[in-house]
1. Do the conditions hold for Lys54, that is, is it at pLDDT 95 or above, within 23 Å of the chain's Cα centre (by Cα) and in a loop (DSSP other than H, G, I, E, B)?
2. How many residues are among the aliphatic types (A, V, I, L, M), under 22 Å from Tyr229 (Cα atoms) and open to solvent by 10 Å² or more (accessible area, probe 1.4 Å) when one looks only at the range 155-183?
3. Taking the conditions exactly as written (among the basic types (Lys, Arg), touching a helix residue (DSSP H, G or I) at 6+ places or on another chain (Cβ under 7 Å) and not in a loop (DSSP other than H, G, I, E, B)), does Lys128 satisfy them or not?
4. Suppose we filter Tyr228, Tyr219 for residues that are over 15 Å from the mean Cα position of the chain (by Cα), of a type outside the set (Lys, Arg), open to solvent by 10 Å² or more (accessible area, probe 1.4 Å) and at pLDDT 95 or above; which single one remains?
5. Is it the case, given these coordinates, that Glu93 is open to solvent by 50 Å² or more (accessible area, probe 1.4 Å), in contact (Cβ under 8 Å) with a residue 40 or more places away in the chain and either under 18 Å from Asp200 (Cβ atoms) or of a type in the set (A, V, I, L, M, F, W, C) (or both)?
6. What about Val20, is it at pLDDT 95 or above and part of a helix (DSSP H, G or I)?
7. Just the residues that are outside any helix (DSSP H, G or I), over 24 Å from Thr267 (Cα atoms) and in contact (Cβ under 8 Å) with a residue 60 or more places away in the chain, please, taken from the range 178-205.
8. Name the pairs whose Cβ atoms lie under 9 Å apart, with the first residue in the range 139-163 and under 13 Å from Ala190 (Cα atoms) and among the polar types (S, T, N, Q), the second open to solvent by 40 Å² or more (accessible area, probe 1.4 Å) and in a helix (DSSP H, G or I), and 6 or more positions between them or separate chains?
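The values are calculated or read from the model by the stated rules, or taken from the named source; none is laboratory data. Note that the structure is a prediction, hence the values are computed from the model and not measured. With ideal geometry, Cβ positions are generated from the backbone for all residues, glycine too; neighbour counts draw on all protein chains shown. Note: accessible area is taken over every heavy atom of the protein model, side chains too, but ligands, DNA and RNA are not part of it. Shrake-Rupley method; radii C 1.70, N 1.55, O 1.52, S 1.80 Å.
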Amino acid sequence: MNKYEDVLKQYNCNLDDNQVKDAVKQIIAEKVLENDTPEVKKFLLGSVEMTTLKTTDSDASVMAFTEQVNKLDSDYPDLPHVATICVYPCFAEAVSQSLQVDGVEIACVSGSFPSSQARMEVKVAETKLAIADGATEIDIVMPVGKFLEGDIQGVCEDIQEMKEACGPNVPMKVILETGCLKTASNIKKASILAMYSGADYIKTSTGKLEPAATPEAAYVMCQAIKEYYKKTGIQIGFKPAGGMSTVMDAIIYYTIVKEVLGEQWLTNKWLRLGTSRLTMQLIDELTK
């Protein structure tokens with residue numbers, strides 16, 4: 001048994017998928033309605049990571065995208081600004097040069113996003129260059145292939161090396177790509193391994209594969225964060241991403257975080273939403 005297997009044995013990773021579904025249904029049925037409020041919607045707006053990850057992105061289009069964030073901040077001074085702008089690493093400098101809103105982070109998806117299939121030297125170089133160009137947060141994808149074939153040591157060592165590339169002052173989100181993991185047990189294991197290996201946040205999905213984020217995956221990941229915090233005292237952030245198309249979707253994820261993790265996680269430091277489409281929906285509901 002290696003040390004990573006020993007870590008997993010400290011947690012209950014034998015989960016029943018049906019029990020998870022039932023727990024989520026109960027939370028949604030009993031708790032979501034009370035969170036459908038303007039105050040919660042304001043919070044959600046301030047937790048959005050505005051994201052553009054298109055094949056057609058260019059310096060000009062990314063600068064225009066950043067200008068949307070600048071304009072929203074000036075047009076709606078009574079509403080919170082979004083938490084983050086998330087782009088490919090080659091556009092970190094464009095965002096850094098055009099972003100005018102204090103407190104908005106610049107996140108880059110790095111390490112051969114969205115597949116994580118590249119030599120480690122390439123992943124590390126891409127990450128360090130993104131940070132040099134202005135990235136203040138890094139999102140990477142867990143090596144899902146290694147996880148599925150049982151190489152948990154390889155998974156952990158990859159994540160550790162990427163965290164070392166980020167350094168102590170740049171938070172790193174680890175994307176589990178939960179749709180590929182299939183079971184609650186796998187999601188729980190991947191969550192624990194990612195946190196143990198240096199993740200500052202765990203994130204559901206790249207948004208490039210289906211299914212992306214699901215309430216069930218979010219529930220399991222939040223349970224893992226809660227257990228990890230109890231054992232270590234280390235607080236880990238959570239980011240659902242992909243598939244959120246309505247304000248109610250976001251409220252459901254907020255409710256799961258509130259019920260499982262509690263008020264301590266209800267800040268835009270510890271809860272992020274990987275979506276762009278909800279920005280104007282939230283603003284419309286808050287200003288109509």
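1. Yes: the conditions hold for Lys54.
2. Total satisfying the criteria: 1.
3. Against the criterion (among the basic types (Lys, Arg), touching a helix residue (DSSP H, G or I) at 6+ places or on another chain (Cβ under 7 Å) and not in a loop (DSSP other than H, G, I, E, B)), Lys128 qualifies.
4. Every option except Tyr228 fails the conditions.
5. no
6. Taking the combined requirement at face value, the residue satisfies it.
7. Thr183
8. Gln153/Lys3; Gln153/Glu5; Gln153/Lys146
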